[in-house]
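**Q** A single structure is presented below for examination.
The values are calculated or read from the model by the stated rules, or taken from the named source; none is laboratory data. Computed from a predicted model, the values in this text were never measured in an experiment. Here Cβ is always computed from backbone atoms with ideal geometry, including for glycine, and neighbour counts include all displayed protein chains. These accessible areas exclude ligands, DNA and RNA; they are computed on the full protein's heavy atoms, side chains included. Shrake-Rupley method; radii C 1.70, N 1.55, O 1.52, S 1.80 Å.
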Amino acid sequence: MKIAIIGLGHLGGALLEGLLKSGVSAGDIYAFVRADKVLSVRRRYGITSSDDINAVLAAADTVFLVTKSASFEELAKSIDRVTLERTTVVSFMAGVTFERIYELIGEVRLVRAMPSLAIAQCDGVTGYTSAPSEVEALFHRLGYAFEVAAADIEKVMAFSACGLGFAAYLIDAFSEAGVSLGFGAETSELIAAQTFRNAIERGGFKQTVKSVATPGGATEQGVKHMDANDAYGIVRGAVQAAYDRMK
């Protein structure tokens, strides 16, 4: 499979790194980048890069659109639609519907997907709409992947892709609590990261809370404080706000 990546920002770069890490040959990857980035991308990754969008598209069987929607609206004016007739197009563009993409580049074979940045380490989460088997296989090489209905793809963005930032926010808040107790910043961060890893490894999160928060104990007091301040509601509200923005 020959793969084209249109856009090498944070997410496009994560996709590229994940593909290479998963074993995809650099010789099978093509990237569309700005003219001033062509040489540096080639030297760093060993892939073929170009500022000629149609040359990149012509070389590929599968095309990943990993650019901002406004940028793509402008870029689409230059795309040779005939070139896309034999490809599968995978859009990572949040909030850009099937209908809008069809308007911009024609009735292509289209998959929408929402990955997290951890695909760079092949440990991400990707939700995707119905896709050819070879594209599904690529998603699974990049971490946990699952199919969703087209109407639900923005939910994946809010819960998983945005969720990475939310999880980091919570861990950082826990780390800052350690600093407020007098621990050094580095020590607090290490303790926070290890504590969250321990919780993840244990699984059964509700049961872990019950096991640790013994009646009358210190953990119970902390949990009561979080309940009193509706910590669950705050997290649900953050995910809902992200979803509302996607819609």
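**Q** Of the residues Lys68, Lys21, Lys77, which is more than 28 Å from His140 (Cα to Cα), open to solvent by 40 Å² or more (accessible area, probe 1.4 Å) and of a type outside the set (Val, Ile, Thr)? Give the steps one after another, and end with the answer.
**A** Numbers: Lys68 fails: more than 28 Å from His140 (Cα to Cα); Lys21 fails: more than 28 Å from His140 (Cα to Cα).
So the residue among Lys68, Lys21, Lys77 that is more than 28 Å from His140 (Cα to Cα), open to solvent by 40 Å² or more (accessible area, probe 1.4 Å) and of a type outside the set (Val, Ile, Thr) is Lys77.
**Q** The conditions are (1) in contact (Cβ under 8 Å) with a residue 12 or more places away in the chain; (2) farther than 25 Å from Ala167 by Cβ; (3) touching a helix residue (DSSP H, G or I) at 6+ places or on another chain (Cβ under 9 Å), and Gly127 fails exactly one of them. Which is it?
**A** With (1) in contact (Cβ under 8 Å) with a residue 12 or more places away in the chain; (2) farther than 25 Å from Ala167 by Cβ; (3) touching a helix residue (DSSP H, G or I) at 6+ places or on another chain (Cβ under 9 Å) applied to Gly127, the lone miss is (2).
**Q** Something else now. List the number of the failed condition for Gly13; all other conditions in (1) in a helix (DSSP H, G or I); (2) in contact (Cβ under 8 Å) with a residue 12 or more places away in the chain; (3) in contact with a Ser or Thr (Cβ under 9 Å, 6 or more places away or on another chain) hold.
**A** Among (1) in a helix (DSSP H, G or I); (2) in contact (Cβ under 8 Å) with a residue 12 or more places away in the chain; (3) in contact with a Ser or Thr (Cβ under 9 Å, 6 or more places away or on another chain), Gly13 violates only (3).
**Q** Can you pull out every residue in the range 29-39 that is open to solvent by less than 60 Å² (accessible area, probe 1.4 Å) and more than 22 Å from the chain's Cα centre (by Cα)?
**A** Going residue by residue through the range 29-39, those that are open to solvent by less than 60 Å² (accessible area, probe 1.4 Å) are 29-33, 38.
Scanning the range 29-39 gives a single hit, Val38.
**Q** Take the range 60-114 and flag every residue that is closer than 24 Å to Ala158 by Cβ and touching a Pro at 6+ places or on another chain (Cβ under 9 Å).
**A** Residues satisfying the conditions are Phe92, Val111.
**Q** Can you tell me how many residues within the range 140-170 are assigned to a helix (DSSP H, G or I), within 29 Å of Gln194 (Cβ to Cβ) and either among the small types (Gly, Ala, Ser) or open to solvent by less than 40 Å² (accessible area, probe 1.4 Å) (or both)?
**A** Residues in the range 140-170 being assigned to a helix (DSSP H, G or I), within 29 Å of Gln194 (Cβ to Cβ) and either among the small types (Gly, Ala, Ser) or open to solvent by less than 40 Å² (accessible area, probe 1.4 Å) (or both): 9 in total.
**Q** Looking at Arg245, Arg202, Arg236, which one is modelled with pLDDT under 95, within 31 Å of the chain's Cα centre (by Cα) and under 22 Å from Ala177 (Cβ atoms)?
**A** Details: Arg245 fails: under 22 Å from Ala177 (Cβ atoms); Arg236 fails: modelled with pLDDT under 95.
That would be Arg202, the only listed residue that is modelled with pLDDT under 95, within 31 Å of the chain's Cα centre (by Cα) and under 22 Å from Ala177 (Cβ atoms).
**Q** Just checking: which of the helices (runs of 4 or more DSSP H) contained wholly in the range 34-123 hold 1 or more residues that are of a type in the set (Phe, Trp, Tyr) and in contact with a Leu (Cβ under 9 Å, 6 or more places away or on another chain)? Explain how you work it out, then say what you get.
**A** Numbers: elements: 38-45, 53-58, 69-75, 81-84, 98-105.
Passing ranges, in order: 38-45, 69-75, 98-105.
**Q** Pick from the range 68-92 the residues that are within 19 Å of Cys162 (Cβ to Cβ) and at pLDDT 95 or above: which of them is nearest to the chain's Cα centre (by Cα)?
**A** If we filter the range 68-92 for residues that are within 19 Å of Cys162 (Cβ to Cβ), which is where we start, we get 68-69, 91-92.
The next check asks that each one be at pLDDT 95 or above; those that pass are 91-92.
Values: Ser91: 12, Phe92: 8 Å.
It comes out as Phe92.
**Q** Which of the residues spanning the range 40-65 are out of contact with any Asp or Glu (no Cβ under 9 Å at 6 or more places or on another chain), open to solvent by less than 70 Å² (accessible area, probe 1.4 Å) and more than 23 Å from Val96 (Cα to Cα)?
**A** Ser40, Val41, Gly46, Thr48, Ser49, Ser50, Ala55, Ala59, listed by residue number.
**Q** Further question on the same structure: Taking only the range 212-234 into account, find how many residues are open to solvent by 70 Å² or more (accessible area, probe 1.4 Å), acidic (Asp, Glu) and assigned to a helix (DSSP H, G or I).
**A** 1
**Q** Of Ala177, Ala120, Ala173, which residue is at pLDDT 95 or above, of a type in the set (Gly, Ala, Ser) and under 30 Å from Asn54 (Cα atoms)?
**A** Numbers: Ala177 fails: under 30 Å from Asn54 (Cα atoms); Ala173 fails: under 30 Å from Asn54 (Cα atoms).
Only one candidate qualifies: Ala120.
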